[in-house]
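The structure appears right after this line, and notes come after that.
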Amino acid sequence: MSKIYILSIVNDDKKLMKLFKDFERKYNGITGASDNYPHITFQIGKIKNLNEIKKELKKISSETKPIKIEIVGLTNWSKRRIYYKIKRTSDLIRLNKAINHLFKLYSKKFSTDYTTKLWIPHIAVGDKIQKNKFKNAFNEVNSKKIKRIHKINYIYIVEERQTGRFKTIKRYKLSK
């Protein structure tokens, strides 16, 4: 059973997209579950019934309008991961809560870090950055001028393969 991610890709800013491509090339940092695309992860887990998740996500996406997100800062975890912090809004919390409910029903195991109470909405820029390169990487990302307001229009089901690569299983348009 492979690991499944539910996420939204933030692809409305060419500068942000370029930042991700350049960062991975320059710092050999892992940028996350969408193979080098800026994204917000809502939940991760091992799924018992993928068909039920697909059916329920289709319904959720049809009942959810596109969501405006706002980048409110740049920070890090343990000087190994750089991320843009996203403002927690009622729309994001509602979507995260609905997705977490699905994982409680249809997964074998899921990440407690993405449960609504603990979830920190963010766009990871790089992970597993070498300690001797971290300060330069952080300062470089911090100096970039990117859009602060974005819109997420889709929810993706993404599978992590045994090779470590990711494959999109399904994409749903937020269409209320």
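Only strands (runs of 3 or more DSSP E) whose full extent lies in the range 32-100 are considered here, and none of them has at least 2 residues that are small (Gly, Ala, Ser) and over 22 Å from residue 110 (Cβ atoms). Take the range 76-87 and flag every residue that is loosely packed, with under 15 Cβ neighbours inside 10 Å, touching a residue at least 12 places away in the same chain (Cβ under 8 Å) and on the phi < 0 side of the Ramachandran plot. Within the range 76-87, 80, 87 meet the criteria. Kindly establish whether residue 158 is modelled with pLDDT under 95, surrounded by 14 or more Cβ atoms within 10 Å (Cβ to Cβ), assigned to a helix (DSSP H, G or I) and in contact with a Leu (Cβ under 7 Å, 6 or more places away or on another chain). No; evaluated as a whole, the condition is false for this residue. In summary, residue 152 fulfils each of the numbered conditions (1) buried (at least 19 other Cβ atoms within 10 Å of the Cβ); (2) free of Cβ contacts under 8 Å to residues at least 12 places away in the same chain with the single exception of condition (2). Evaluating residue 5 against the criteria (1) touching a residue at least 24 places away in the same chain (Cβ under 8 Å); (2) assigned to a helix (DSSP H, G or I) leaves one unmet condition, (2).
Screening residue 117 on (1) closer than 22 Å to residue 172 by Cβ; (2) of a type in the set (D, E, K, R); (3) assigned to a loop (DSSP other than H, G, I, E, B) shows it passes everything except condition (1). Looking at the structure I just gave you, is residue 129 part of a loop (DSSP other than H, G, I, E, B), hydrophobic (A, V, I, L, M, F, W, C) and without any contact (Cβ under 8 Å) to a residue 40 or more places away in the chain? Here the answer is no, as residue 129 does not meet what is asked. I'd like the full set of residues that are under 19 Å from the mean Cα position of the chain (by Cα), surrounded by 14 or more Cβ atoms within 10 Å (Cβ to Cβ) and under 17 Å from residue 76 (Cα atoms), limited to the range 115-137. 119, 121, 122, 123, 124, 125, 126, 127, 129 - these are the residues of the range 115-137 that are under 19 Å from the mean Cα position of the chain (by Cα), surrounded by 14 or more Cβ atoms within 10 Å (Cβ to Cβ) and under 17 Å from residue 76 (Cα atoms).
The values are calculated or read from the model by the stated rules, or taken from the named source; none is laboratory data. All figures in this text were calculated on a predicted structure; none of them were measured in a lab. Positions of Cβ are backbone-derived with ideal geometry, glycine not excepted, and every protein chain shown enters the neighbour counts.
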